[in-house]
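Presented below is the structure to which this report refers.
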Amino acid sequence: MDNEHRTFFIGPHFENSKLTQQMWNSVLDYYSKHRLDVFQNDPKWPLCEDNLQSIEILNSAMEELQTMLQKEVPTFTKRYIGHMLSDFSLPALLGHISVLLHNPNNASKEVAKIGSFLEIEAINLLCKMVGYEVKQSRGHFTSCGTLANFEAVWRARYRMDHFLSMALCLAKKSLLEKNLFEYMHMGWDEFYRIQNHYQISIEELMKYSATVKGPAEIARICSQLNLNYPLPALLVPSNCHYSWPKAMNLFGLGTEAVIKVKTDKNGHVSVTALRDEINKCKKQNRPILMITSVAGTTEFGGIDPIHDVESMLEEFKPLQFWHHVDAAYGGFFCSLLDRPKESMLRLEVINALQALRKVDSITIDPHKLGYVPYACGAILTKNPDNYIVSRIDAPYLIRDKYVDHPGWSTTIEGSRSATGAGAVWLSSQCLPFNSNGLGTILKKGLRTKIMLEKILTENLEEIYFTPTADTNILCFCLAKKGQSLSEVNKRSQKIFEFFSEGPDFAVSKTILTKVSYEKLILQMISNWEGVDDDENLYVIRLVLMSPYADDDGQTKDLYLNFAEFLKDL
């Protein structure tokens, strides 16, 4: 990391304390001046400064809290290579705190004039990074990637509900020309064409809306029209995040609506298997609510072949399927795409990330590789039609006729802090989302992953890495030739327990199931000519995202020390 970018991080030992304290004082100075300048002629609030008992209570409680926090996990050190979190950047911290002091609620512009502005600005920057056209794209910040995934389901359900309503309305008028599957994947342009051609009002469509009338009433109407009530399907990779079945449960669509698509030997979603599942749904006349791909899997940080999925979906034209990409972790690698040849990413990964501009919606988490404080996720959509959701009214809040900003009417969460928007905005001014800014930090993680993999390979003869190493995550197990899978799993468990109990390094483990990773697991077992006697593979997981680790001498010595621990085990 060059000196310019070193300025933007606090340092594992608070090396940047002087600047941090200076900027902290600056934030408080600006804030105190603001409060002094507003309504200067109002009477001052009487303050009893000599209330020693109250001060003692505050000091005591603060001391207790600070003492407890000394035992919190030190994720700021480069010895922490466990989960998908690290230290935040100094601009992100200052942006978060600055906005927090003003406490705007982005539920409405009425209480967040600047908070709402910052959100639009920051979302536009994220949209530009992933390749969306800024004037067309929409989005807002959420508390996490799970909520962002829920937001995508909400929008996809809104679209599908409209298409079903139109089909049932046409059926009632004896104007149905296609089967339900075709209508429910017709796209907004065709929807509006039909609506205008037959002069069908929204009020008339609402009579056939499952979100208005409820699923039971729509099932009854379908029965009257001799149509099967279509149970929608959600197609996700078999290694999908837990938020997807959770979303189906919460939206009342049933966890059985989740269809898990097989992965290949590298842990990526199989495009062939996905095509087969789409054809099955088409044959069964079962509508597809959404197709999801992943850019940065929880286990490996793996990037699905999004470009190949997009090409495959073209085969089904004029049918249109909602394609969502869960890029909560990997989305920020798009900051390297302005110089793809220097990105250190494989060509397949570059092609996949470049295809994000084509998909309908994206989840991204600034509180991961954006180095922003928790909690800060985001939902992005390619165009305004994809951002539309069901109208919900609140008499005490204004709803604009044309919603061009996120607010209470377009978000699952009602009250939302603007701190994430402030953190992302200020970060982008100091570490722009390109290869010269944030990209320099991400490339450090890629370099340190390569260095650590080399060190472990040279020092451990019995180490086997999982094949998916698209980003900055490294997963491995230790195995002797011919060893059974169950024995290898026991060893991985002991390694994890050793590091969990010791203070030297923090690692994580992940359990790969054959349901999600059968081909990958069988490939791994064959590498050490082992015996397949278990349904799972336990691997040690290392996330190399610390902004303080680099391929320098100090970091190398640290990782050699890590390798020695493994050798001793």
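The values are calculated or read from the model by the stated rules, or taken from the named source; none is laboratory data. Worth saying up front: this structure is predicted, and the values here are computed from it rather than measured. Every residue, glycine among them, receives a Cβ derived from its backbone with ideal geometry; neighbour counts consider all protein chains shown. Just so you know, the surface numbers come from the protein's heavy atoms only, side chains and all, with ligands and any DNA or RNA stripped out. Shrake-Rupley method; radii C 1.70, N 1.55, O 1.52, S 1.80 Å.
Structure notes:
- For region 486-509, a residue qualifies if it is more than 13 Å from LEU566 (Cα to Cα), open to solvent by 80 Å² or more (accessible area, probe 1.4 Å) and in a helix (DSSP H, G or I), and the qualifying residues are GLU487, LYS490, GLU501.
- Only residues that are closer than 16 Å to LEU170 by Cβ and either of a type in the set (Ser, Thr, Tyr) or assigned to a loop (DSSP other than H, G, I, E, B) (or both) were counted across region 198-217, and they come to 7.
- Residue check, LYS282 part of a helix (DSSP H, G or I), farther than 25 Å from THR513 by Cα and either touching a residue at least 40 places away in the same chain (Cβ under 8 Å) or touching a Pro at 6+ places or on another chain (Cβ under 6 Å) (or both): yes
- Criterion: part of a helix (DSSP H, G or I), surrounded by 16 or more Cβ atoms within 10 Å (Cβ to Cβ) and among the aliphatic types (A, V, I, L, M) - qualifying residue of LEU474, LEU512, LEU537, LEU520: LEU520
- Test: residue in region 86-108 that is in a loop (DSSP other than H, G, I, E, B), of a type outside the set (A, V, I, L, M, F, W, C), farther than 30 Å from VAL543 by Cβ and open to solvent by 80 Å² or more (accessible area, probe 1.4 Å): yes
- Pick from region 109-122, criterion in contact with a strand residue (DSSP E or B) (Cβ under 7 Å, 6 or more places away or on another chain) and in a helix (DSSP H, G or I), ranking: surrounded by the most Cβ atoms within 10 Å (Cβ to Cβ): GLU119
- Taken as a whole, region 457-473 holds at least one residue that is in contact with a Ser or Thr (Cβ under 9 Å, 6 or more places away or on another chain) and among the aliphatic types (A, V, I, L, M).
- From HIS83, HIS13, HIS5, residue being under 26 Å from ASN472 (Cα atoms), open to solvent by 100 Å² or more (accessible area, probe 1.4 Å) and either in a loop (DSSP other than H, G, I, E, B) or not hydroxyl-bearing (Ser, Thr, Tyr) (or both): HIS13
- A single entry from GLU72, GLU56 fulfils the requirement of being more than 25 Å from SER98 (Cα to Cα) and either open to solvent by 100 Å² or more (accessible area, probe 1.4 Å) or not small (Gly, Ala, Ser) (or both): GLU56.
- Hits in region 264-282 - residues which are open to solvent by 20 Å² or more (accessible area, probe 1.4 Å), farther than 15 Å from HIS185 by Cβ and either of a type in the set (S, T, N, Q) or touching a Ser or Thr at 6+ places or on another chain (Cβ under 6 Å) (or both): ASP264, ASN266, SER270, THR272
- For GLN554, the conditions (1) open to solvent by 10 Å² or more (accessible area, probe 1.4 Å); (2) modelled with pLDDT of 95 or more; (3) not in a strand (DSSP E or B) all hold with the exception of (2).
- Some residue of region 237-253 being open to solvent by 40 Å² or more (accessible area, probe 1.4 Å), of a type in the set (A, V, I, L, M) and under 30 Å from ASN536 (Cβ atoms): yes
- Flag for VAL99 being of a type outside the set (Lys, Arg) and in contact with a Leu (Cβ under 9 Å, 6 or more places away or on another chain): yes
- Region 169-199: number of residues that are among the aliphatic types (A, V, I, L, M) and within 19 Å of ALA233 (Cβ to Cβ): 3
- Checked against (1) at pLDDT below 95; (2) open to solvent by less than 20 Å² (accessible area, probe 1.4 Å), ASN285 passes all but a single condition, namely (2).
- Residue match in region 340-359 (condition: closer than 30 Å to SER165 by Cβ and buried (at least 24 other Cβ atoms within 10 Å of the Cβ)): yes
- GLY187, sole failed condition from (1) open to solvent by less than 10 Å² (accessible area, probe 1.4 Å); (2) on the phi < 0 side of the Ramachandran plot: (2)
- Filtered residues of region 123-180 (kept if touching a Gly at 6+ places or on another chain (Cβ under 7 Å) and surrounded by fewer than 21 Cβ atoms within 10 Å (Cβ to Cβ)): SER143, CYS144
- Only residues that are surrounded by fewer than 24 Cβ atoms within 10 Å (Cβ to Cβ) and in a loop (DSSP other than H, G, I, E, B) were counted in region 420-453, giving 6.
- Figure legend. Inter-residue proximity from region 319-337: first residues farther than 13 Å from GLY296 by Cβ and outside any loop (DSSP other than H, G, I, E, B), second residues among the β-branched types (Val, Ile, Thr) and open to solvent by 10 Å² or more (accessible area, probe 1.4 Å), beta-carbon distance below 9 Å, spacing 6+ or different chains. Indicated pairs: LEU336/ILE350.
- Cross-chain or 6+ apart pairs with Cβ under 8 Å, region 454-469 first and open to solvent by 40 Å² or more (accessible area, probe 1.4 Å), then assigned to a loop (DSSP other than H, G, I, E, B) and not basic (Lys, Arg): GLU462/ALA479; GLU462/TRP528; PRO467/ASN266; PRO467/GLY267
- Some residue of region 37-46 being open to solvent by less than 70 Å² (accessible area, probe 1.4 Å), within 30 Å of THR75 (Cα to Cα) and either touching a residue at least 12 places away in the same chain (Cβ under 8 Å) or more than 33 Å from the chain's Cα centre (by Cα) (or both): no
- For region 65-73, the condition of being outside any helix (DSSP H, G or I) and either over 30 Å from TYR329 (Cβ atoms) or touching a Gly at 6+ places or on another chain (Cβ under 9 Å) (or both) holds for at least one residue.
- Criterion violated by ASN226 - all others in (1) part of a loop (DSSP other than H, G, I, E, B); (2) surrounded by 14 or more Cβ atoms within 10 Å (Cβ to Cβ) satisfied: (2)
- For the condition closer than 28 Å to THR466 by Cβ and part of a loop (DSSP other than H, G, I, E, B), GLY267 qualifies.
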